[in-house]
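Student: My questions all concern the structure below.
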Amino acid sequence: MVATNRVNEAVPGAVSGWVNGLLGVIIFSGSLPATRIAVQDMNPLFLTFMRASIAGVLAIMLILLFRQQRPRRSQIFSLVVVALGVVIGFPLLTAIALQHITSAHSIVFLGLLPLATAIFGVLRGGERPRLTFWLFSAIGSLLVSGFALTQSASSSANGDLLMLASVAICGLGYAEGAKLSRELGGWQVISWALIISLPLMLIATFMFIPEKVSAISVQSWLALGYVSLFSMLIGFIFWYKGLAAGGIASVGQLQLLQPFFGLALSAWLLSETVTPAMLAVTLGVILCVIGSRKFAH
């Protein structure tokens, strides 16, 4: 009876983790296309610092509105790691990379994010997935990467290296934030990470502000608004809550679906064709996600 009750209590948490994780992935799917639009008119440094500044101000409002206590001194290091990974590192490296490669080509590297998150979940979160989990994760990553490579002929060594670095640092930020979310809460973690970064981000924003702000198109401003509000704050509220509730390695596999959501957005916004190959690979990835979820623990 006791064992049955424990299973019943764990199921709602796991379901909640996957639902919140999926919402986070859907929100993040628009990040690279929006960043690609924004860097056409904005310096990637200005874009990175501006989006973090906007999100940081909103984070202060959230913390004050809900009267959240300050993080403990022992939690500051983890918050700094989160800030370096997802507030500064990933946005900056991808923004610079997208000056060299297309957003379609960058999808190759998003396919490696679940594996990076799982690895750091083991190193920093103390999780121990089964060997079968790693098999499904590797197959899913290969499916995504292989498909994405066929979608873009453009290549740049600098862009590729920058994307590889961004995936590594983002995986660390995801895992560290998820671990800390179990103590602080999902939206509190990203909010405090943004707040810690805010003074530096504000100074840097004014240092790199464009000389001709009026030359920036409306589309670029809208893209900045998306990555500031959704990619930098709202998406993480769902994502960290999902990782903390359902497991870093397990829920992290939902990132395998992110490239396909991104391609769907491209088809909708840019009238790009959705091929049968895309649908077939998407089905394969979904099966890998289901398999990895089953064997995560």
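Student: When you have a sec, figure out the Kirkwood radius of the chain from all distinct Cα pair distances and drop it here in Å to one decimal?
Tutor: Mean inverse Cα-Cα distance, inverted, gives 19.3 Å.
Student: Using only helices, what value at 222 nm comes out for the chain when you add -39,500 (n - 2.57) per DSSP H run of length 4 or more and divide by the total residues, to the nearest 500 deg cm²/dmol? Spell out each step's value before the answer.
Tutor: Details: 15 runs with 222 residues, N = 297.
That comes out to -24500 deg cm²/dmol.
Student: What whole-number value in Å² describes the accessible area per residue of region 26-160 for a 1.4 Å probe?
Tutor: Numbers: 6150 Å² over 135 residues.
So region 26-160 comes to 46 Å² accessible per residue, rounded to a whole number.
Student: Provide the gained length on full extension for the span Leu123 to Ala264, in nm with one decimal, where the gain is 0.36 nm per separating residue minus the Cα-Cα distance.
Tutor: This chain segment gains 47.4 nm when fully extended.
Student: With a 1.4 Å probe and every protein chain kept in, tell me what percent of the accessible surface of the chain is carbon plus sulfur.
Tutor: Heavy-atom surface of the chain belonging to carbon and sulfur, 1.4 Å probe: 70 percent.
Student: Here's a follow-up. With a 10 Å radius around each residue's Cβ, average the other Cβ atoms per peptide and rank 76-82, 63-69, highest first.
Tutor: 76-82, 63-69
Student: What are the ³J(HN,Hα) values, in whole Hz, obtained from phi via the Karplus relation 6.51 cos²θ - 1.76 cosθ + 1.60 with θ = phi - 60°, for each residue of region 80-85 in sequence order, with x given for Gly and Pro?
Tutor: Coupling constants for region 80-85: 5, 4, 4, 4, 5, x Hz.
Student: While we're here: Could you pull out which residues in region 212-228 have an amide N less than 13 Å from a spot 7 Å beyond the Cα of Leu202, following the Cα-Cβ vector?
Tutor: Counting backbone N atoms under 13 Å from the label point, the list is empty.
Student: Using a Gaussian network model of the chain whose springs link C-alpha atoms within less than 10 Å, name the residue from Lys212, Lys241, Lys179 with the highest mean-square fluctuation.
Tutor: Answer for the Gaussian network model of the chain: Lys212.
Student: Then there is this: How long is region 36-118 along each principal axis, judged by its Cα atoms, biggest number first, in Å?
Tutor: 42, 33, 18
Student: Among all the lysines, which ones have a C-alpha under 23 Å from Lys241's C-alpha, if same-chain residues fewer than 8 places away are not counted?
Tutor: The reachable lysines, counting only those whose Cα sits under 23 Å from Lys241, are Lys179, Lys294.
Student: Which distance in Å, rounded to a whole number, links the C-alpha centroids of region 93-118 and region 193-217?
Tutor: Going from one Cα centre to the other spans 23 Å.
The values are calculated or read from the model by the stated rules, or taken from the named source; none is laboratory data. If you're wondering where the values come from, they're calculated on a predicted model, not measured in any experiment. Backbone-built Cβ (ideal geometry, glycine too); neighbour counts: all protein chains shown. The accessibility values were calculated without ligands, DNA or RNA, using every heavy atom of the protein model including side chains. Shrake-Rupley method; radii C 1.70, N 1.55, O 1.52, S 1.80 Å.
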